[in-house]
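Read the structure below first, then the notes.
Nothing in this text is a laboratory measurement; each read-out follows from the coordinates by a stated rule. From a predicted model like this one, the values you see are computed outputs, not experimental measurements. In this analysis, Cβ positions are derived from the backbone assuming ideal geometry, glycine residues included, and neighbour counts consider all displayed protein chains.
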Amino acid sequence: MNHVAPLGQKRTKIIRFVFDISNKCRINPSIMETWKEFEANELTHSAAHHLIAIYEVGLEYGGWARVSDIARELSITRGSVSINLRALKKRGWVDTDEHHMVKLSPKGQKAVQAVMAKKAVVKAFLTAVLNVPEPQAEIDSCKVEHLISQPTGEQLVHFMRFLVSEDPLAKQVLARFKSFHDQCPDSKTCEVCHGHCLIEELQHAGL
């Protein structure tokens, strides 16, 4: 909030903060704008899975899919699929015909390609670099596949290409990381946690 000072006096810009009580730290209002970006994400988790289901079912039928097949693919009711399809059609992601068959629109096809590409690179990073077990990597990559931006996804692809390249430094980095045994220092001196042990908080949350 800006207070307008009389002429000849300096203007003072006041930045208001919201407190995160659990960590007793201040949250800059700009972070709240980031949360709003998350809520405004046009492609929700449910929408992404409906589009992927249409794509996978349509592989056998020239791109077209029936509501019953989509419902079976997602293990939900036909009524739920019908409701969600109306929203997808309104956003221009799917097309329908007079027989109530559904297929991806050009916009929907691009969305599916982007989501599947992001999931693939995130899963590869989790398994090949972070040594996350494949089942857990499948779950985690599915959770974020529709959330990360295109630039972030592209940079992750570039990073993965570097790690699997013939560059000697890349091979050393990957080998050193896999043999690295982390020991938590005092959280007050840790350059990662900055006063709050993130490992302890993650373990305590247990989510």
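May I ask you to list the GluC sites (Glu not before Pro) in region 128-200 that are in a DSSP loop and have at most 15 other Cβ atoms within 10 Å of their Cβ? List each step's numbers first, then the result.
Working: sites: Glu138, Glu145, Glu154, Glu166, Glu191, Glu200; in loops: Glu145, Glu166, Glu191.
The qualifying sites are Glu166, Glu191.
Could you work out how much longer the chain between Glu56 and Ile76 gets when fully extended? Use 0.36 nm per residue separation minus the Cα distance between them, nm to one decimal.
In short, 5.6 nm is gained.
At most 11 other Cβ atoms within 10 Å and a DSSP loop assignment: could you name the chymotrypsin sites (Phe, Trp or Tyr not before Pro) in region 154-192 that fit?
Phe180
For region 44-116, max minus min Cα coordinate along each principal axis, in Å, sorted largest first?
Largest to smallest, the principal-axis extents are 26, 24, 22 Å.
Starting with the fewest neighbours, write out His158, His50 ranked by other beta-carbon atoms found within 10 Å of each beta-carbon.
Lowest to highest Cβ neighbour count: His158, His50.
Before anything else, pin down the relative contact order of region 110-164: Cα pairs under 8 Å, at least 6 apart, normalised by residue count, whole percent.
RCO, region 110-164: 44 percent.
How big is the charge dipole of region 45-109 about its Cα centre, in debye rounded to the nearest 20, if each Lys and Arg gets +1 on its Cβ and each Asp and Glu gets -1 on its Cβ?
The calculation lands at about 320 debye.
Whole-Hz ³J(HN,Hα) for each residue in region 122-136, computed from phi via Karplus 6.51 cos²θ - 1.76 cosθ + 1.60 with θ = phi - 60°, x for glycine and proline: what do you get?
For region 122-136, the Karplus-derived couplings read 5, 4, 4, 5, 5, 7, 7, 9, 8, 6, 6, x, 3, x, 6 Hz, x marking Gly and Pro.
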